[in-house]
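Below you'll find the structure, written out as structure tokens, and then a few comments.
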Amino acid sequence: MDLFHRPVYHFLPPANWMNDPNGLIQWKGIYHLFYQHNPYEAQWGPMHWGHAVSPDLIHWQHKPIALAPTPGGPDQDGCWSGVAVVKDGVPVMVYSGNRDGKQRACLAFSRDDLETLQKYPGNPVIPDSPAGYDLLEYRDHCVWREGDAWYQLMGAWIKDVSGAVFLYRSDDLVHWKELGPLMVDNSLPDGGLPAAEIWECPDFFLLGEQHMLVVSVNTGAPYFTGYFLGAYQDHRFIPKLFRKLDYGDSGFYAPQSFVNEAGERIQLGWVGEARSVQAQLESGWAGAQSLPRVFSLDAQGRLEIQPYRGVDILRGEKYCLPEMTVLPDTRQVLDIEGHALEVQAEFAPADSRTAVEYGLKIYCSPDDSEETTICFNRELHRIEVVRQHSSLDERVSHQTQGGPLELDEGEGLSLRVYIDHSVIEVFANRRAVITCRVYPTRADSRGVRLFASGGNAIIKGLNAWEMNKIWVDCNAS
Ligand code: DQQ
């Protein structure tokens with residue numbers, strides 16, 4: 001097994017393949033993470049639900065597989081993604097049974113505090129996709145309680161139209177009445193819609209005074225995750241805007257959120273690989289979960305995304321750097337190095353002498369043959385992870401990942417970066433996130449540097465921590 005690139009503080013199964021987070025729930029104080037899992041090899045395949053538990057959503061312990069395909073059943077070709085709800089004091093999973101290329105809503109109950117899941121004998125509970133629509137794809141679930149009923153969204157792709165989410169209503173989770181697409185008018189005041197492909201894994205919830213609809217847009221490759229903000233009225237959603245949730249294409253996908261016992265809405269997403277299937281198979285594992293994230297809206301109504309506060313518990317030894325000027329085109333090596341780090345860097349607001357591009361370099365080898373650059377371009381108003389020189393291995397992606405970041409008047413660049421062997425999560429100014437993978441080949445690609453080009457950059461302060469492992473059982477990985 002390839003331990004060099006294997007994350008130590010992002011969740012992944014003991015071996016083989018993982019994709020979407022499923023059935024997230026805090027039940028009697030314990031967090032449960034179920035996940036899409038091929039237990040046979042490190043590539044996508046017959047889907048099972050893996051299972052792990054945590055006291056704090058950070059440290060995890062593996063549990064036995066929770067759902068497996070039933071031969072002859074509606075999920076005989078795979079137990080695809082789903083969510084957890086609680087009905088009459090019993091946790092219930094609503095998931096997509098995959099059979100003969102079609103996915104149908106199924107249920108599984110737990111009467112032993114989520115030690116095991118029992119499939120509902122009457123599965124599937126929604127045997128057919130909505131009539132009257134030419135659907136190319138249809139699956140995945142978001143279920144909530146509203147008034148005295150259950151509501152459910154399922155993701156879909158309407159041929160020659162776009163992605164869609166269909167709304168259903170039920171009194172008992174078993175009998176569902178279809179209410180049509182949640183969004184009847186897909187036009188947006190500020191521009192286009194995500195590509196005409198399936199919207200997978202819809203997630204829908206109240207954020208402040210608005211509603212947020214998260215969809216994972218399966219464009220074949222790369223995939224991306226986006227969100228709408230808008231108003232939910234009379235069981236219809238009127239979107240005001242659509243944005244990418246994370247600029248790391250295929251690096252953050254199929255996220256799911258849940259509300260914990262403290263009332264916090266927390267999201268996890270699948271951090272996909274960026275290397276060949278052959279490389280995955282050789283390494284013996286594939287896929288990780290992101291760190292938990294939380295949302296808020298800033299004073300201007302923009303979405304803010306931050307790591308869940310509990311992540312700080314992983315911090316070990318600390319490094320601090322006082323205020324300093326980063327001169328253009330110098331090699332500013334820091335004392336900090338490693339493959340499992342958190343780095344927080346606050347840059348001064350730009351003035352006329354400020355560099356055009358500045359930021360951090362991570363996973364740097366001493367001879368510069370490998371490095372990954374987290375770069376802010378203040379003229380293009382873009383934040384990027386440049387992977388051009390991330391790895392000497394040709395089988396991995398070297399594509400730059402990034403997107404817009406407009407700094408307000410007087411606002412400096414604020415980076416919070418998580419480095420975990422092959423995972424990178426960059427949170428910039430709370431409102432731009434890039435999650436992606438890199439696979440340095442050299443054991444000494446451990447350095448962290450500051451850089452500036454075309455002018456100076458002033459660092460107001462930099463703190464970094466070595467990060468500890470997340471496994472409750474120290475022998476697990
Ligand atoms: N993954 C699941 C599907 C979902 C997709 C299958 C998203 O339910 O649409 O593994 O990654």
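Condition check ((1) within 24 Å of the chain's Cα centre (by Cα); (2) within 26 Å of GLY338 (Cα to Cα); (3) in contact (Cβ under 8 Å) with a residue 12 or more places away in the chain) across all residues:
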| residue | (1), (2), (3) |
| --- | --- |
| VAL356 | no, no, yes |
| SER365 | no, yes, yes |
| GLU370 | no, yes, yes |
| THR373 | yes, yes, yes |
| PHE376 | yes, yes, yes |
| HIS381 | yes, no, yes |
| GLU384 | yes, yes, yes |
| HIS389 | no, yes, yes |
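Scanning segment 360-374 for residues that are open to solvent by less than 10 Å² (accessible area, probe 1.4 Å) and under 19 Å from GLY454 (Cβ atoms) turns up LEU360, ILE374. When GLN43 is tested against (1) free of Cβ contacts under 8 Å to residues at least 40 places away in the same chain; (2) within 13 Å of the ligand (Cβ to nearest atom); (3) open to solvent by 10 Å² or more (accessible area, probe 1.4 Å); (4) touching a Leu at 6+ places or on another chain (Cβ under 8 Å), just one condition goes unmet, and that condition is (1). Criterion applied to HIS32, HIS48 was being within 12 Å of the ligand (Cβ to nearest atom) and more than 18 Å from GLY155 (Cβ to Cβ), and the one residue passing it is HIS48.
Scanning segment 55-92 for residues that are aliphatic (A, V, I, L, M) and either in contact with a His (Cβ under 8 Å, 6 or more places away or on another chain) or within 29 Å of VAL8 (Cβ to Cβ) (or both) yields LEU57, ILE58, ILE65, ALA66, LEU67, ALA68, VAL83, ALA84. Residues being assigned by TED's automatic domain parsing to the domain that holds SER257, within 16 Å of the ligand (Cβ to nearest atom) and either touching a residue at least 24 places away in the same chain (Cβ under 8 Å) or open to solvent by 20 Å² or more (accessible area, probe 1.4 Å) (or both) are entirely absent from segment 171-181. Can you tell me which residue is farthest from SER96 (Cα to Cα) among those in segment 143-162 that are small (Gly, Ala, Ser) and within 15 Å of the ligand (Cβ to nearest atom)? Residue satisfying both the conditions and the ranking: ALA156.
Give segment 146-165 a look and list any residue that's of a type outside the set (Gly, Ala, Ser) and outside any loop (DSSP other than H, G, I, E, B), or say none. Within segment 146-165, GLU146, TRP150, TYR151, GLN152, LEU153, MET154, TRP157, ILE158, VAL165 meet the criteria.
If I filter segment 203-218 for residues that are open to solvent by 40 Å² or more (accessible area, probe 1.4 Å) and within 16 Å of the ligand (Cβ to nearest atom), do I get at least one hit? No. For segment 235-253, the count of residues that are open to solvent by less than 10 Å² (accessible area, probe 1.4 Å), assigned to a strand (DSSP E or B) and within 16 Å of the ligand (Cβ to nearest atom) is nonzero. All conditions in (1) open to solvent by 10 Å² or more (accessible area, probe 1.4 Å); (2) assigned to a strand (DSSP E or B) hold for TYR168, with the sole exception of (1).
If a residue counts only when it is of a type outside the set (Lys, Arg), away from the ligand (no atom under 15 Å from the Cβ) and exposed (fewer than 15 other Cβ atoms within 10 Å of the Cβ), which strands (runs of 3 or more DSSP E) contained entirely in segment 61-142 have at least 1 such residues?
61-67, 79-87, 90-99
The values are calculated or read from the model by the stated rules, or taken from the named source; none is laboratory data. Bear in mind the structure is a predicted one, so any value in this text is a computation, not a measurement. With ideal geometry, Cβ positions are generated from the backbone for all residues, glycine too; neighbour counts draw on all protein chains shown. Side chains included, ligands, DNA and RNA excluded: accessible areas come from the protein's heavy atoms. Shrake-Rupley method; radii C 1.70, N 1.55, O 1.52, S 1.80 Å.
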